[in-house]
Structures are given as C-alpha cells and as structure tokens.
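Undergrad: Below you'll find the structure I mean.
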Amino acid sequence: MGTNRIKAVVWDVDDTIFDYGRADLDGIRAHLAVEGLLEEHGGEEAALARWKTVSGTHWRRFVTGETDFEGHRRDRVREFLGTPLTEAQAAAWWDRYVTHYESAWSLFPDAAETLAAVAGLCRQAVLSNASLRVQERKLTTLGVRDHFENVVCAVELGIAKPEAGAFLHVCEALGLAPAEVAYVGDDREVDGVGARDAGLRSVWVDRDGTRGPAPEGVERITGLAELPALLTGQTRFGARSTFG
C-alpha cells in the first residue's frame with residue numbers, strides 16, 4: 001500500500017478529533033444534577049451508564065435508517081426518562097442537556113497539532129454521520145474548521161457510513177479517486193471496514209488499544225500523533241511504518 005498516492009485525509013469527528021464521549025458524559029451529568037434526576041435513575045454511575053446505553057441504541061437506529069436525526073434524539077430522551085413525552089417536550093429536554101454538553105466540548109489533546117501537521121502534507125476534509133449544522137458549529141467553536149475543504153454529513157447527504165456511497169461522495173467532492181484518500185476514524189467497523197471496502201486507505205484510531213487487532217486492510221493507530229509518520233511511510237526513527 002503506497003503512501004505517495006495519498007492526496008487528502010478525510011476525518012471522522014466525534015471520538016476521533018473531538019472528545020465526544022467525555023463531553024457527553026460531563027454534559028449529561030451536569031444536566032441530570034440540575035434537573036434533580038441523578039438519584040431517580042439510581043445514582044450518578046447508574047444514570048450515566050444508562051444514558052450511554054440508550055444513546056448507543058438510538059444512534060444505531062439513526063445510522064441504519066430506522067429514524068431521522070432529530071427523531072433519534074427525542075427517542076433517546078423518552079427511553080431514558082421512561083416517559084411518553086410529546087415531541088416538543090422531548091426536544092425541550094434535549095435542548096437543556098445540549099447547553100451542558102456544549103460547555104464541555106474539547107478536542108483530544110493530540111488533535112490540533114496533528115491537524116496542523118497533516119495540513120503540511122495533504123488536503124483535509126470531514127465525513128461524519130451527524131448533521132452539517134451540528135458539525136460546522138462544533139468545528140468552528142473548537143477552532144479547527146479552516147483545516148477542512150469540505151464537511152460532508154450523513155443527515156444532508158442521505159447516506160451514512162459504512163455505506164460505500166458516503167465515502168465515495170466525499171472523494172468526488174475532493175475530485176480524487178478513493179485510492180488517493182485516507183480516512184481516519186475511531187469506529188472499527190463503521191469507519192475502518194467501511195472506508196476499506198469503499199477503496200480508501202483506512203486508518204482506525206484505537207485510543208485505548210484494547211479493541212483487538214485491526215481488520216485486514218485497515219491500519220491501526222493508538223493516537224493521532226502517529227498519523228503523519230504513517231502517511232509519509234516513516235516512523236519517528238526513520239524506518240518504514242509497520243502500523244496495522
């Protein structure tokens with residue numbers, strides 16, 4: 001797999017460059033405390049675990065097309081609370097949570113430096129399974145929007161990762177063949193296998209290093225700082241990269 005062909009890096013956002021997991025848990029913890037709901041849901045640890053489980057369930061429903069983006073948010077609220085709220089009530093509860101969630105936004109510590117380093121090597125874009133409105137605001141607030149020529153999101157595109165069409169669309173937007181594009185994401189299957197199967201160079205970010213070996217044809221890194229060396233084919237010691 002040659003490195004000199006790569007002309008652009010396309011990024012996932014949440015849990016890849018943006019620490020979504022921490023912001024979500026910090027946000028819901030603060031929100032439930034203000035709403036007086038922590039003890040009602042079994043205390044902090046139990047409440048946060050339940051929120052994470054419910055969130056994952058309804059995010060997968062959105063990705064597989066069972067509901068739309070706003071609908072999956074309202075359904076998360078209803079299931080978590082166990083209450084048949086109206087759409088307006090569920091949306092209002094979500095909006096109150098978002099205030100706390102957004103106050104906890106942050107990049108991973110290695111993200112800004114890596115984005116700057118990659119900018120010196122090739123073009124950059126985003127492909128996310130979220131909405132354009134959300135991700136444009138997030139990337140702008142975090143001070144990294146200018147790194148990306150294109151921000152492509154599933155809600156507006158109508159196709160979500162891991163469908164090949166999502167990856168191919170962002171390649172077309174860049175005017176590049178899939179083999180000229182590397183995709184970087186944190187989800188082993190949705191990002192790693194999806195990008196590989198669409199013909200892109202696939203780089204999977206496994207930050208805790210505990211999620212098993214990389215699938216065949218997917219390169220694995222444990223931090224973003226490893227990416228520039230991977231793209232240039234050099235380790236920090238000058239040898240060929242062996243990540244994977």
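Undergrad: Relative to the longest principal axis of the C-alpha atoms of the chain, give the angle of the C-alpha long axis of helix 132-141, reported between 0 and 90° and rounded to the nearest 10°.
TA: Helix 132-141 and the main axis of the chain meet at about 80 degrees.
Undergrad: Another question, if that's okay. With Cα Rg over 2.2 N^0.38 Å defined as stated, name the option among (i) 1.24; (ii) 1.05; (iii) 0.97 computed from the structure displayed.
TA: (ii)
Undergrad: How far apart, in nm, are two points set 7 Å out from the Cα along the Cα-to-Cβ line at residue 119 and at residue 132?
TA: 2.3 nm
Undergrad: Next question, about the same structure. Please give the helix 44-63 orientation as an angle from the longest Cα principal axis of the chain, in degrees from 0 to 90, rounded to the nearest 10.
TA: Helix 44-63 sits at roughly 60 degrees to that axis.
Undergrad: Moving on to the next point. What shape does segment 1-104 take by its C-alpha gyration tensor, where a ≥ b ≥ c are the square roots of the eigenvalues and a/c under 1.5 counts as rounded, a/b above b/c as prolate, and the rest as oblate?
TA: Values: a/c = 2.49, a/b = 1.78, b/c = 1.40.
In terms of gyration-tensor shape, prolate.
Undergrad: Could you state the number of Å between the C-alpha centres of segment 68-127 and segment 203-221?
TA: Measuring centre to centre over Cα atoms gives 24 Å.
Undergrad: Can you give me the % of accessible surface on the chain that is carbon or sulfur? Probe 1.4 Å, all protein chains present, nothing else counted.
TA: 52 percent
Undergrad: Something else now. Note the angle between two axes, namely the Cα long axis of helix 164-174 and the longest principal axis of the Cα atoms of the chain, as a number of degrees from 0 to 90, rounded to the nearest 10.
TA: 60 degrees
Undergrad: Same structure, new question: List every residue whose amide H lies under 5 Å from the amide H of residue 128, counting only residues 5 or more places away in sequence or on a different chain, with H placed 1.01 Å from N in the peptide plane.
TA: Residues meeting the amide H criterion: 152, 153, 154.
Undergrad: Ok, one more. Hey, got a sec? Which GluC sites (Glu not before Pro) in segment 1-79 land in a DSSP loop and have at most 13 other Cβ atoms within 10 Å? Walk me through the numbers on the way to the answer.
TA: Values: sites: 35, 39, 40, 44, 45, 66, 70, 79; in loops: 66.
Here the sparse-neighbourhood loop sites are 66.
Undergrad: How would you order 169-176, 112-119 from highest to lowest mean count of nearby Cβ atoms within 10 Å?
TA: Numbers: 169-176: 18.1, 112-119: 16.5.
The densest-packed peptide leads the list: 169-176, 112-119.
The values are calculated or read from the model by the stated rules, or taken from the named source; none is laboratory data. Treat the numbers as computed from the prediction; the structure is a model and nothing was measured. Glycine also receives a Cβ, built like all others from the backbone with ideal geometry; neighbour counts cover every protein chain displayed. Ligands, DNA and RNA are excluded from the accessible area calculation, which covers all protein heavy atoms including side chains. Shrake-Rupley method; radii C 1.70, N 1.55, O 1.52, S 1.80 Å.
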